[in-house]
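The values are calculated or read from the model by the stated rules, or taken from the named source; none is laboratory data. Quick caveat: nothing in here was measured; it's all calculated off a predicted structure. Here Cβ is always computed from backbone atoms with ideal geometry, including for glycine, and neighbour counts include all displayed protein chains.
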């Protein structure tokens, strides 16, 4: 064969090899699978677990509690890098540190945060058949080394997050964690039930695009972790949808089961007929909740399942969702169209700020006042039309220019872009009068968790390592200067611009104010349960009874009981009573332990130094024998609607009563009654907040506004805006615990 022909063949062979390589990369064949990891095969020493119980018994006795149930602390909202957002944050190409598997969560709960129980709750859409099976195996492995099942050191529960996101208030229902009691094959669903709208069309289209186009990404990025990303996305999107009309137990284990509404979710869970608890969370978080979203529709008919949807997450690392406010982020005109409300002394609507930014630019260009007002009105309208991505209508605006628009100024550590009609207090004030069997209400118990995305349950044990113990890593996925990474090249013009959806593409986080919201991420909360024992069954029974409380992170001890009023007997938090006379309550709280630096001996002995640093960042739950003081106990009274359409503003009394506490290491005990209950002749619910003395916490000051005499924000000092990744943004706060409500129904004497 002539030399020229051989050269041509060689070049063709090289070209074919290169094409094959690009195709293989585009198909994800060359990427690594990030699995569920291996659990450290060692339980805590029995003496360590025994001392936890003994310390609580001593505290309970000192507070006047006899024969107390154990108070156990857990985290029922934990993500590994099986979740898409967690995977993206962990990628080295995004500045991440690699895989954070399910097994890491087990080790962290055991050796870093010293929890009593936790659950895994990865996003539904990401749990492919293989990842689900590996998750089950990892949770089983965690429990297998927990010691005596009747008295384990840690209990791990299996679950997932039903990640529903609507683009209007009418089709938005929000995120709900599903937690399962059991682990044997016969009592586990074959697959998670997935929210249909959680499967992004843009994500699916990008992942199934031409392998040749996708295969060029690793060459362009020059980062090997891009290969892992392609493999992850291919596996995520390659799962087919399950056939319609087939009983759940007869469906293929290799398909994805999709539903659109909570009613369908509850129907599928009922069909499985397995012990499960459904926990709504992040209800006020405007990162994904459309403006004007309300929980009214979720009380109607099959949209609520009172047998399964029994708890609600009041606080997490994404902020507080407890408090109701009268201001609105969006209003309606006479015809029902969207209208931007004017600012109030305690709230600056983001749509209004959009208009002001455009007005300022217009005036700087010397245009007439009438023209500038017209442009401001258009900007407000454009903002509302674009929903949660409305900030992009002001091209080139920096995070600082938005000041504190959209935020609850007087809430305790609020969720970002707060939605008051999805707050827990608003939810608890609702009643639905459509059922012929009588009006319905939500009977939620209150809990808190972390919503952690690095397989770290219970991150709130110490306030440190902001970049690792909060979700501030989201900011790195949003790009710089708001929309610069989303729609590059847009000039700072004095006219609002509607969003180019094609330009946004798959930049989900970059289009949703990731830079501003990084100032609102916290280390997370905990759920405390009053349990008859440490076993899986005992903890589950406490959750079912709703004898639970929430904390903002510290392990405050809290008891709240109805102790009298018409022969009702004693009723603990989460319980119900029917009375004709005034109810009488007692609340007791004992402050959390102050922490010592470093880690206890059992953690250092169980984990290698490098692993201790990787998992725990060198700090663990390490209590001293000193407890924080309880500063006060606040009581909230809510009287649910008694007729259709009754305004809720006057029904939510927060605080209803406040009791200052004397400094006492034994804690604080208060008693109170409701002398108005009989005269009002209507049902009521009561819960308490135990407030600890001020302490420092990560991101506790949010955007750190400098305010004028009227309380308006003049300028912000975002933590991330300083460019120091080691700045933990510590600020003073009042950590707290929330009891579950006690529900008191009125009955004629």
Residue set 219, 227; condition surrounded by fewer than 22 Cβ atoms within 10 Å (Cβ to Cβ), assigned to a helix (DSSP H, G or I), at pLDDT below 85 and out of contact with any strand residue (DSSP E or B) (no Cβ under 9 Å at 6 or more places or on another chain); output residue 219
Subset of region 601-628, residues in a loop (DSSP other than H, G, I, E, B), buried (at least 17 other Cβ atoms within 10 Å of the Cβ) and over 28 Å from the mean Cα position of the chain (by Cα), comes to 607
Per the filter on region 260-285, residues surrounded by fewer than 23 Cβ atoms within 10 Å (Cβ to Cβ), touching a residue at least 60 places away in the same chain (Cβ under 8 Å) and closer than 16 Å to residue 297 by Cβ are 260, 261
Note on region 376-389: residues crowded, with 24+ Cβ neighbours inside 10 Å and closer than 15 Å to residue 287 by Cα are 383
Exercise. Does residue 124 satisfy being touching a residue at least 60 places away in the same chain (Cβ under 8 Å), on the phi < 0 side of the Ramachandran plot and in contact with a helix residue (DSSP H, G or I) (Cβ under 7 Å, 6 or more places away or on another chain)?
Worked result: yes
From the option list 725, 663, single residue qualifying as surrounded by fewer than 17 Cβ atoms within 10 Å (Cβ to Cβ), touching a helix residue (DSSP H, G or I) at 6+ places or on another chain (Cβ under 6 Å), in contact (Cβ under 8 Å) with a residue 12 or more places away in the chain and outside any helix (DSSP H, G or I) is 725
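Just checking, which of 121, 143 is closer than 26 Å to residue 528 by Cα, touching a strand residue (DSSP E or B) at 6+ places or on another chain (Cβ under 6 Å) and assigned to a loop (DSSP other than H, G, I, E, B)?
When all the criteria are applied, what remains is 121.
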All conditions in (1) touching a strand residue (DSSP E or B) at 6+ places or on another chain (Cβ under 6 Å); (2) more than 27 Å from residue 549 (Cβ to Cβ) are true of residue 637 except (2)
Listed by first then second residue, the pairs whose first member lies in region 34-47 and is exposed (fewer than 15 other Cβ atoms within 10 Å of the Cβ), whose partner is outside any loop (DSSP other than H, G, I, E, B), with beta carbons under 7 Å and at least 6 positions apart or on separate chains, are 38/103
Would you check if there is a residue in region 538-549 being buried (at least 20 other Cβ atoms within 10 Å of the Cβ), part of a strand (DSSP E or B) and at negative phi?
yes
Those residues of region 583-594 which are in a strand (DSSP E or B) and in contact with a helix residue (DSSP H, G or I) (Cβ under 7 Å, 6 or more places away or on another chain) amount to 590
Result of the Cβ filter at 6 Å on region 504-520, keeping first residues that are at positive phi and at pLDDT 65 or above and partners that are buried (at least 20 other Cβ atoms within 10 Å of the Cβ) and outside any loop (DSSP other than H, G, I, E, B), at least 6 apart or interchain, is 513/391
Being touching a strand residue (DSSP E or B) at 6+ places or on another chain (Cβ under 7 Å) and either surrounded by 15 or more Cβ atoms within 10 Å (Cβ to Cβ) or under 20 Å from residue 707 (Cβ atoms) (or both) narrows 352, 327 down to just 327
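If you scan region 310-324, which residues turn out to be in a loop (DSSP other than H, G, I, E, B) and crowded, with 24+ Cβ neighbours inside 10 Å?
Those that are in a loop (DSSP other than H, G, I, E, B) and crowded, with 24+ Cβ neighbours inside 10 Å: 317, 318, 321, 322.
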- Message: It is to be established whether one or more residues within region 684-696 are assigned to a loop (DSSP other than H, G, I, E, B) and more than 28 Å from the chain's Cα centre (by Cα).
- Response: no
